[in-house]
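Chemist: The structure under discussion is supplied below as structure tokens; questions concerning it will follow.
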Amino acid sequence: MNLDMAGATHAGNIRDHNEDAFGVDEVLPAAVLADGMGGLSHGEVASETVVTRVMEGLRNGDSASAALRAAHEEILRVSVGAAQRMGSTAVIVTRSEGRLTIHWVGDSRAYLLRGGELRLLTRDHSLVQGLIDAGAITETEAESHPNRNVVTRAVGIQDGEQLEIDHVDLDARSGDRLMICSDGLHGFLPHARITALLQEHDDNQKAASALVEATLQETEAGDNVSVICVTVA
């Protein structure tokens with residue numbers, strides 16, 4: 001089972017710098033996407049640390065969880081030196097035999113396109129998701145909730161605590177498409193539009209670029225926008 005992967009990122013229409021980062025390695029194969037937080041340059045440091053340390057760890061034979069925890073510890077050390085709390089979301093896709101495994105922390109997401117249906121594989125670690133789970137608000141109300149960008153779990157934030165990482169295994173089929181993205185994409189571009197663009201573009205680089213461009217042109221794109229598209233061959 002081979003994976004074809006490509007990604008794209010943009011600062012968005014409002015922000016003047018990009019705190020998202022991503023990396024792909026078709027040899028491993030693996031993909032990682034991170035959405036940093038912390039203000040000024042600190043979010044960029046956090047997201048780049050996640051991508052760099054996770055890829056290094058995977059290439060050295062570490063598990064995705066171990067690599068992500070190493071990134072977590074490094075961000076905590078950098079935070080102390082900078083006297084500034086910083087953190088990042090993370091989504092990692094790895095392959096093991098006939099399975100794909102997605103590890104994640106935060107509200108960046110992974111989706112599966114199969115048989116023309118786009119299905120969410122991850123579950124946000126966010127305040128609004130907690131409210132939805134508790135029955136306090138609906139999915140529709142969550143879309144405009146004033147605290148919809150508040151995450152409850154992030155790499156580098158839980159100082160002194162074990163980093164909690166969720167994962168899901170997927171029995172992959174030839175032709176499956178995965179899309180992993182930051183909330184700058186899934187929080188602005190409608191689900192149906194994402195599905196249509198993935199179906200329109202078989203080439204992953206073209207699909208990733210089209211998704212970012214549509215977010216910039218068709219929405220206010222009030223956040224950084226990042227996406228990686230993956231095809232199982």
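Chemist: Suppose each label sits 7 Å from its Cα in the direction of the beta carbon; what would the Asp133-Ala233 distance come out to in nanometres?
Modeler: 3.8
Chemist: While we're looking at this one, here's another question. Can you compute the radius of gyration and Dmax for region 60-110, using only the Cα atoms, both in Å?
Modeler: Rg and Dmax of region 60-110, Cα atoms, are 13.3, 44 Å.
Chemist: Express the carbon and sulfur contribution to the solvent-accessible surface of region 1-124 as a percent, rounded to the nearest whole number, probe 1.4 angstrom. Working shown, then result.
Modeler: Details: 2470 of 5310 Å².
Result for region 1-124: 46 percent of the exposed heavy-atom area is carbon or sulfur.
Chemist: If you don't mind, there's one more thing I want to ask. At 7 Å along Cα-to-Cβ for each site, give me the label-to-label distance between Leu28 and Gln84 in nm.
Modeler: Rounded to a tenth, the inter-label distance reads 2.7 nm.
Chemist: Still on this structure: Assuming R0 = 25 Å, can you tell me the calculated FRET efficiency for the pair Glu143 and Thr52, based on Cβ-Cβ distance, to the nearest 0.05?
Modeler: Efficiency for this residue pair is about 0.15.
Chemist: Quick one: grab the alpha carbon gyration tensor of the chain, order the square roots of its eigenvalues as a ≥ b ≥ c, and give me rounded if a/c is under 1.5, else prolate or oblate depending on whether a/b is larger than b/c. Working shown, then result.
Modeler: On the way: a/c = 1.43, a/b = 1.11, b/c = 1.29.
Note, shape of the chain comes out rounded.
Chemist: Send over a whole-number figure in Å² for the accessible area per residue of the chain, probe 1.4 Å.
Modeler: 45
Chemist: Now a separate question. Using a 1.4 angstrom probe on the protein heavy atoms only, line up Val27, Val212 by accessible area, largest first. Can you show the working numbers first?
Modeler: Details: Val27 130, Val212 10 Å².
The ordering from most to least exposed comes out as Val27, Val212.
Chemist: Arg77 versus Arg119, label points 7 Å from Cα toward the beta carbon: distance in nm?
Modeler: 4.1
Chemist: Could you give me the ³J(HN,Hα) list for region 93-106, computed from phi with Karplus coefficients 6.51, -1.76, 1.60 and θ = phi - 60°, whole Hz, x at Gly and Pro?
Modeler: 10, 10, 10, 9, 6, x, 10, 10, 10, 10, 9, 8, 9, x
Chemist: Starting at the first residue of region 16-28, write each ³J(HN,Hα) from the Karplus equation 6.51 cos²θ - 1.76 cosθ + 1.60 with θ = phi - 60°, in whole Hz, x for Gly and Pro.
Modeler: Each residue's phi maps through the Karplus curve to give 9, 8, 10, 9, 8, 8, 8, x, 10, 9, 6, 6, 3 Hz.
Chemist: Sticking with this one: Pull out the extension gain between His167 and Asn13, defined as 0.36 nm times the separation in residues minus the alpha carbon to alpha carbon distance; nm, one decimal.
Modeler: Fully extending the segment from His167 to Asn13 adds 52.2 nm.
Chemist: Also, I was wondering about something else. Between Ile137, Leu33, Ala8, whose Cα lies farthest towards the positive end of the dipole of the chain when Lys and Arg beta carbons carry +1 and Asp and Glu beta carbons carry -1, centred on the Cα centre?
Modeler: With unit charges placed on the Cβ atoms, the residue in question is Leu33.
Chemist: Between Glu97 and Gln205, what length comes free when the chain is fully extended (0.36 nm per residue of separation minus the Cα-Cα distance, one decimal in nm)?
Modeler: Result: 36.4 nm gained on full extension.
The values are calculated or read from the model by the stated rules, or taken from the named source; none is laboratory data. This is a predicted model, so every value here is computed, not measured. FYI the Cβ positions are ideal-geometry reconstructions off the backbone, even for glycines, and counts take in every protein chain you see. To get the accessible areas, we keep the full protein, side chains included, count just its heavy atoms, and leave off ligands, DNA and RNA. Shrake-Rupley method; radii C 1.70, N 1.55, O 1.52, S 1.80 Å.
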